[in-house]
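These notes are about the structure you will find just below.
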Amino acid sequence: MQINYNEQNRVFKIDTEHTSYCIGIVDEENFVGHIYYGRKLSDDNLVYLMRTGEPPFVPSKNNRDRTSFLDTFPMEYTGHGLGDFREGTLMVRTAGGHSGVSLSYVSHRIYDGKEELAGLPATFGMADTCRTLELTCEDKVLGLQVILSYSIFADNDAIARSVRVVNGGKEALYLTKVLSACIDMDNEEYEMITLPGSWARERIIQTRPVLKGKQGVSSVRGESSHQEHPFMAWKRKTTTEEAGDIYAMNFVYSGNFMAQIEGDQSGSMRALMGIHPQDFCWKLEPGDAFQAPEVICVYSAEGIGGMSRTFHDLYRRHLIRGEYKDKKRPILINNWEATYFDFDTDKLLAIAREASALGIEMLVMDDGWFGCRNDDNSSLGDWQVNEEKLKGGLKYLVDEVNKLGMKFGIWLEPEMVSPDSNLYREHPDWAFAIPGRTGSLSRNQYVLDLTRQEVRDCVYDMIASVLRSANIEYVKWDMNRQLSDMGSCGLPADRQGELFHRQVLAVYELQDRLTREFPHLLLENCSGGGARFDPGMLYYSPQIWCSDDTDAVERLSIQAGTAMVYPLSTMGAHVSDCPNHALGRTTPFETRGYVALAGTFGYELDVTKIPEADRAMIPEQTAMYHKYNDLVREGDYYRIAHYAENHYYDCYEVVAKDKSEALVTYVQVLNRPSHHSRRIRIPGLDLTAVYVIENAQDWPEIGQTEYRGDALQFAGINVPPLWGDFKGRLLHLVRKQAM
Ligand code: GLA
C-alpha cells in the first residue's frame, strides 16, 4: 500500500497490493487527468499514455481547439459547460444563472488513515492499515474548491473515493450535480454487469456490451431500490468467474443514484457514479462544504469472483461495525409469514415455545404490534404497544420469551406515517407534500419529513422508549414505500432541491443515534424486502433482509446477485413455509435449509403448524448452522454454476481463508433423465493438500471420499444425479494433510 507523487513528471501513483491507479497533472492550466487503472505496475512514468502529444493537443499549445481537448481528455473529475460534452460529474449554477465549471490542480496531501465523511456512512481504516490522497482542485472564477479523496487499505485492493466541494467565493452557489467518481479509459470492448430487479426479484445479474452512447442504471425513488442497484462492473468479453480483467463501482449510499458508462466518439468510455442529479439542487453558502458520498472502486485480474471477494473482505473489515461485525447471529424465527397481522401474545408464545425446543434462538415480532394496526392501512407513526393483542404488555411477552432462553426482536418502520394515525392527525404537515396537490399514497402510507429536527426527535423518542421498555435485542428497520411528493414546510424555496439527500442523511442520523444508545442491538435493515440493500445501510446494520421472496429456487438468483458485491454474512435468508407465499412453489424443506444457510439463517413460518417431518428436520438444520456459520461468514465465496445460466443446477462454495475446509452447496433445480453424473470443479483449495468429504454419509452415491486439492480444482468431481426437482446437497471438504 503506497501513494507517491513524482514531482518531475507530475504523476500520482496509488498502489494497493495488486493494483495501480495513476493520475497526471498536465499543461500550464494543471488539468487533472486519469492515466491508468489496473494490474500493479512498477513504472510511474506513464504520462505518454495521456495523448498530450496527439491532436487536439493541450489547450496552451492549441487554444484554437479548446473544446476538442476538453471533449476528449481523460478527466479525473470533470467540469461542465465549457466544452466537455460527455456526461460530467459536477454542475454549478451561480447567482447570475451561469453554469460553467473547470477544475485545475492546486495542491495535495497524503496522509496515514482515513477521515470520516461528515454525516455519511463510509469505509474506515486506521493509520497503519489505510492511506489517503487528497487532491485539491479549484475553479478560480467561481472561487470553488473540489477535494478529491482516494483511500487505500493494506489488506484490500479496493480504492474508496469521495468528493468534497467548498464554496470559497463570496456568493452562494447552487450545486445541481455532484457525482462521486469518474473513470475515463479506453473501451476495450467491455461488457457491463448490473443488478436490476423488482419487488421479490432483487439484484438479478445482467450483462450487456458497452456500446457507444450512454448505458446505465439509476434510481430516483429516494432509495437504492428494487428496480436498480448502485453497482456496476465492466469486464472484458473473455473475463470469466476466475480469470480476467474486471472493474467495478459500488455506491456507499442509500438514496437516488446514477451509474453510467458512456462510450464516446473516439473509442474511449467514461464511467460515472454518484447522487442522481434529478431534483437535486444544493445551495452552498460562502464557506460551506458539501460532502458527496463514497464510491468503492475495485479492479481485479481474477475475474468476477476476484472482484466479489475484494468487496466482501472490504465490507467485512472496513465498513460493517458493532457488536455483530464478526459474530454469529442468533437463529431467528419471524412471525410475518406465519401469522401476518393476526397474532397475539398466546400465538407468539406458542411459536416461541416450539421454536426454542428445536434450537431456534430468537423470536422476532413483525408488523402489527402497535396502534390499531390489523392490516397495512393504519397506525404507522403510533409506536405504542397494542395491549389488546399483546395482553400483559410488551415487557411481559419479552420476559416470557427470555424465560425460554430466547432473545426477542421487533419490527419498526420509523420513516413512515399512515393517514389513519394519531401522529398524522396531530401533525399533517409532518409528511412530505407539495402544496395544492393530493399526496400520492403507496401501501396507504406517506413519508415523514425527517429533514425536520422536531420530526426526527419525536420519531426517535417513540421508538427508543419502546426499546427501553423491555429486553429487545434485535430490530428489523423497514421502509415500505418509495419517495414522491417531495415538498417540505421546513425549508425555503431555494432549498427544496435538497430534500432527497437530506432525507437520506436524516435516516443515517437516526440509525446512528439508535446504534449508539443501544450498542448491543442487532439491527437488520429492510425495505419491502431488499430495496435498500446497499453499503450505506451496512454501515449501520450488519445484515439486511434480502428479499420478500423466500422461495429456495428464486433465492438462488437473488442471493447470487447480492453476493456479487456483499458478503454472505449480510444476507437475510430464512426457511419459509410451502407452497411459497410469493409464488406458490413447493420445494423440499431440506433444500430450503441449504439455501438459507448461505445467509444469516432463520425461519419465517408457523412452527406449530408445519408438517411433522419438516419440524423434525429443524434441530438438524440449526446444528448445521452452528457447524458451518463461521466458515460461511468469514470465508471466500466462489460461484461455480448458476441456475439462471444453465437452467438446470446451481452450485457455490465458501472456502476458509486458510483453505482448511470448504462448504459446497449444490442444488439440482430441475432433474433431467441422465445416464451419468455431472462434473463440477471446486476452486480456491490448497492444491497440494488432500481433502476428505467429511459428510460423505449425506451423499454416499459420490463414492470416493478423499481427493487431492489440485484434482478437485482442475479435474473436479462427479456428482450423481438426484431423483426429482429442487433437490440439494452440501459437501463439506476438510483438509487432511499437506503433502
Ligand atoms: C415488508 C417486509 C416484510 C414484512 C412486511 C411487514 O414487506 O419486507 O418482511 O416485514 O413489510 O409489513
Can you find a residue that is over 28 Å from the mean Cα position of the chain (by Cα) and buried (at least 18 other Cβ atoms within 10 Å of the Cβ) anywhere in the stretch 561-574? no
Hey, Tyr424 more than 16 Å from the ligand (Cβ to nearest atom), within 24 Å of Leu349 (Cα to Cα) and of a type in the set (Ser, Thr, Tyr) or not: no
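Which residue, of Pro414, Pro419, Pro435, Pro428, is in contact with a Lys or Arg (Cβ under 9 Å, 6 or more places away or on another chain) and not acidic (Asp, Glu)? Don't jump to the end; show me each part of the working.
Numbers: Pro414 fails: in contact with a Lys or Arg (Cβ under 9 Å, 6 or more places away or on another chain); Pro435 fails: in contact with a Lys or Arg (Cβ under 9 Å, 6 or more places away or on another chain); Pro428 fails: in contact with a Lys or Arg (Cβ under 9 Å, 6 or more places away or on another chain).
Step by step, each of Pro414, Pro419, Pro435, Pro428 is checked, and only Pro419 is in contact with a Lys or Arg (Cβ under 9 Å, 6 or more places away or on another chain) and not acidic (Asp, Glu).
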Taking the conditions exactly as written (within 12 Å of the ligand (Cβ to nearest atom) and crowded, with 18+ Cβ neighbours inside 10 Å), does Gly381 satisfy them or not? no
When both residues are 6+ apart or on different chains and their Cβ atoms are under 7 Å apart, which pairs have a first residue that lies in the stretch 231-257 and is farther than 18 Å from Arg208 by Cβ, and a second that is among the small types (Gly, Ala, Ser) and in a loop (DSSP other than H, G, I, E, B)? Val252/Ala122; Ser254/Ser224; Gly255/Gly222; Asn256/Gly222; Phe257/Ser224
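Report yes if Gly33 is touching a strand residue (DSSP E or B) at 6+ places or on another chain (Cβ under 6 Å), among the small types (Gly, Ala, Ser) and surrounded by 16 or more Cβ atoms within 10 Å (Cβ to Cβ), otherwise no.
Yes.
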Which of the following residues is within 16 Å of the ligand (Cβ to nearest atom), modelled with pLDDT of 95 or more and more than 30 Å from Gly405 (Cβ to Cβ): Gln503, Gln482, Gln496? Gln482
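Quick grid of which residues meet (1) within 16 Å of Asn471 (Cα to Cα); (2) touching a residue at least 60 places away in the same chain (Cβ under 8 Å); (3) part of a loop (DSSP other than H, G, I, E, B):
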site: Asp367; (1), (2), (3): no, yes, yes
site: Trp383; (1), (2), (3): no, yes, yes
site: Leu390; (1), (2), (3): yes, no, yes
site: Val398; (1), (2), (3): yes, yes, no
site: Val401; (1), (2), (3): yes, no, no
site: Gly405; (1), (2), (3): yes, no, yes
site: Trp411; (1), (2), (3): yes, yes, no
site: Leu423; (1), (2), (3): no, no, no
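In the set Ser224, Ser180, which member is touching a Lys or Arg at 6+ places or on another chain (Cβ under 7 Å), open to solvent by less than 10 Å² (accessible area, probe 1.4 Å) and closer than 22 Å to Ser442 by Cβ? First the steps, then the outcome.
On the way: Ser180 fails: closer than 22 Å to Ser442 by Cβ.
Answer to the selection: Ser224.
Per-residue answers, yes or no, for (1) open to solvent by 40 Å² or more (accessible area, probe 1.4 Å); (2) hydrophobic (A, V, I, L, M, F, W, C); (3) in contact (Cβ under 8 Å) with a residue 60 or more places away in the chain:
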{"position": "Leu82", "(1), (2), (3)": "yes, yes, no"}
{"position": "Tyr111", "(1), (2), (3)": "no, no, no"}
{"position": "Ala118", "(1), (2), (3)": "yes, yes, yes"}
{"position": "Pro121", "(1), (2), (3)": "no, no, yes"}
Within the stretch 696-717, can one find any residue that is under 18 Å from Tyr652 (Cα atoms), touching a Ser or Thr at 6+ places or on another chain (Cβ under 9 Å) and part of a loop (DSSP other than H, G, I, E, B)? no
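State whether one or more residues within the stretch 497-512 are of a type in the set (Lys, Arg) and either surrounded by fewer than 16 Cβ atoms within 10 Å (Cβ to Cβ) or not in a helix (DSSP H, G or I) (or both).
Pass one, the stretch 497-512, residues of a type in the set (Lys, Arg): 502.
Among the residues that remain, those that are also either surrounded by fewer than 16 Cβ atoms within 10 Å (Cβ to Cβ) or not in a helix (DSSP H, G or I) (or both) are: none.
No, the stretch 497-512 contains no residue that is of a type in the set (Lys, Arg) and either surrounded by fewer than 16 Cβ atoms within 10 Å (Cβ to Cβ) or not in a helix (DSSP H, G or I) (or both).
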Given the residues Thr89, Thr94, which is the only one that is of a type in the set (Ser, Thr, Tyr), on the phi < 0 side of the Ramachandran plot, open to solvent by less than 40 Å² (accessible area, probe 1.4 Å) and in contact with a Ser or Thr (Cβ under 7 Å, 6 or more places away or on another chain)? Thr89
I need the full set of residues from the stretch 339-363 which are open to solvent by less than 20 Å² (accessible area, probe 1.4 Å) and over 19 Å from His626 (Cβ atoms), in order please. Thr339, Phe343, Thr345, Leu348, Leu349, Ile351, Ala352
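The values are calculated or read from the model by the stated rules, or taken from the named source; none is laboratory data. Everything numeric here is computed off the predicted structure, so don't read it as measured data. Glycine gets a Cβ as well: all are built from the backbone with ideal geometry, and neighbour counts include every protein chain shown. Protein only, heavy atoms only, side chains kept; ligands, DNA and RNA dropped before computing areas. Shrake-Rupley method; radii C 1.70, N 1.55, O 1.52, S 1.80 Å.
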